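Rule-based calculations on the coordinates, nothing more; no lab input. Everything numeric here is computed off the predicted structure, so don't read it as measured data. Every residue, glycine as well, gets a Cβ built from its backbone with ideal geometry; the counts of neighbours run over all protein chains shown.
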Amino acid sequence: MLHLIGHEFAEDQVSIVCKHVTDGAPVVEVAHDLDRVVQVLCARFDHGVDDAHVVHLHHLVSVLEPLGLPAIDPGQLAQLGEGGWLVKDMPPEEEDE
Ligand SMILES: [Zn+2]
């Protein structure tokens, strides 16, 4: 099991990471979907489908652990602001992507 953002996840939990983060951009937003998918995004660009990589969560542990993330419950996201991580409820899902 993986212990991240105050929750336990299976090693093969699906997660989404934007290509900018995999290219080295800092992580600015971490979202925990209601279906447990964790999204790790730079939030510097508008993200389209082409920008997202689907990976197993264990690949992202080395990215996420140094960030000092707070607990993020399903349906919440954390954004990095000047004062550190701010956890808020996710906006309602839109009908179309
Ligand atoms: Zn990005």
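With no solvent and one point per C-alpha, what does the Debye sum give as log10 I(q)/I(0) for the chain at q = 0.19, 0.20, 0.21, 0.24 Å⁻¹? Values returned for q = 0.19, 0.20, 0.21, 0.24 Å⁻¹ are -0.91, -1.02, -1.14, -1.52. Placing dummy labels 7 Å off each Cα toward the beta-carbon, the span from E8 to D73 is 1.9 nm.
Taking label positions 7 Å along the Cα-Cβ direction at both F45 and A25, the computed distance is 0.5 nm, reported to one decimal. Within region 24-45, which residues have the backbone N less than 15 Å from the label spot 7 Å out from D89 along Cα→beta-carbon, could you tell me? Correct set: 34. Charge dipole of the chain (Cα centre as origin; +1 on each Lys and Arg Cβ, -1 on each Asp and Glu Cβ, all else neutral): 480 debye, rounded to the nearest 20.
Rank by packing, highest mean first: peptides 22-34, 61-73, with packing defined as the count of other Cβ atoms within 10 Å averaged across residues.
Details: 22-34: 16.4, 61-73: 13.8.
For the peptides 22-34, 61-73, the packing ranking is 22-34, 61-73.
Working note: 222 nm ellipticity from helices only, DSSP H runs with n ≥ 4, each -39,500 (n - 2.57), summed and divided by the residues of the chain, gives -1000 deg cm²/dmol to the nearest 500. In percent, rounded to a whole number, the relative contact order of the chain is 31, using alpha-carbon pairs under 8 Å and six or more apart. Here the Karplus curve 6.51 cos²θ - 1.76 cosθ + 1.60, taken at θ = phi - 60°, turns the phi angles of region 78-92 into couplings of 10, 10, 7, x, 5, x, x, 6, 10, 9, 9, 6, 5, x, x Hz, with x standing for Gly and Pro.
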